[in-house]
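Notes follow once the structure below has been shown.
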């Protein structure tokens, strides 16, 4: 094995962590993969023999790559950073890319890299809030609070002193704490609530739906370019109406792992109609994030997965 092959092997050991960092920074699986690839290119062109802590070096490099991407988004005025949906009349409806995997014991398990990402997944509700932070705040929060990178290592990336970098993370932490609901720690209870909600939606049981929703629940739907699908709905009664309308449009719904917890995939004529993720707290749903952008779903769900879902019986 020559030096480059050995370096590539060492890099692959760190790939799951690097992709996890990039996904939290960017909220896009394809952009996260691009950022990881750019990190590999930087490593392959550098003198890596003098790097004592390769994992730390790679983490800061991928962080810098993601920071540049976030800043370029802001300069171009792209929607995700501005926290806007694809529909200009529906502000705040942008939903980041969900990570979707089969339920354990169901279809064939996800590949090892995907399983590694799901082990320590972050919910869409948190990613939505991260999209409202400045690029520097997001970097400081993600690297320090999620991946324990010291402020002394983050400071050069954001071109600030360590104390100022600490303040960036502190501001981000307050915004996340105020806006992102804490999920239900009991995953079995989470699954039971989601299953009951989907069953009530299919059956049109209005009272059961209301009982499963927090009074201040938020439903965020991103329909991409399809007019009328993007919406931001607040309050249990309004969310029930929205959930019932979505259930009539989709042909069938199936349980799946969405960002590490039980969610749902809806199909229509054998194609993905939507992916839904639920945030459950104290036995009630406090937030629902739905991606119904057909173009994005086509890149996130392969044909084999869709065929297996379509063959299942609920």
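We did not get these values from a lab; they are worked out from the coordinates using the rules stated. No experiment lies behind these values; they were computed from the predicted model shown. Note that each Cβ is placed from the backbone with ideal geometry, even for glycine, and that neighbours are counted across all protein chains shown.
Tabulated results
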{"item": "Computed over the range 187-311, the ratio Rg/Rh where both radii use C-alpha atoms and Rh is Kirkwood", "result": "0.94"}
{"item": "Modelled label reach - residue 13, point 7 Å along Cα→Cβ, the range 38-56 residues with backbone N closer than 11 Å", "result": "54-55"}
{"item": "Amide N proximity, the range 197-219 versus residue 234 label position 7 Å along Cα-to-Cβ, cut-off under 14 Å", "result": "215-219"}
{"item": "Pairwise centroid distance, computed over Cα atoms, of the range 12-63 with the range 172-226, Å", "result": "33"}
{"item": "Residues in the range 56-72 reached by a label modelled at residue 147 [backbone nitrogen below 12 Å; 7 Å Cα→Cβ]", "result": "56-67"}
{"item": "Residue 303-residue 103 FRET efficiency (beta carbon distance; Förster radius 25 Å; 0.05 resolution)", "result": "0.85"}
{"item": "Stretchable slack from residue 5 to residue 171, in nm (0.36 nm times residue separation minus alpha-carbon distance)", "result": "55.5 nm"}
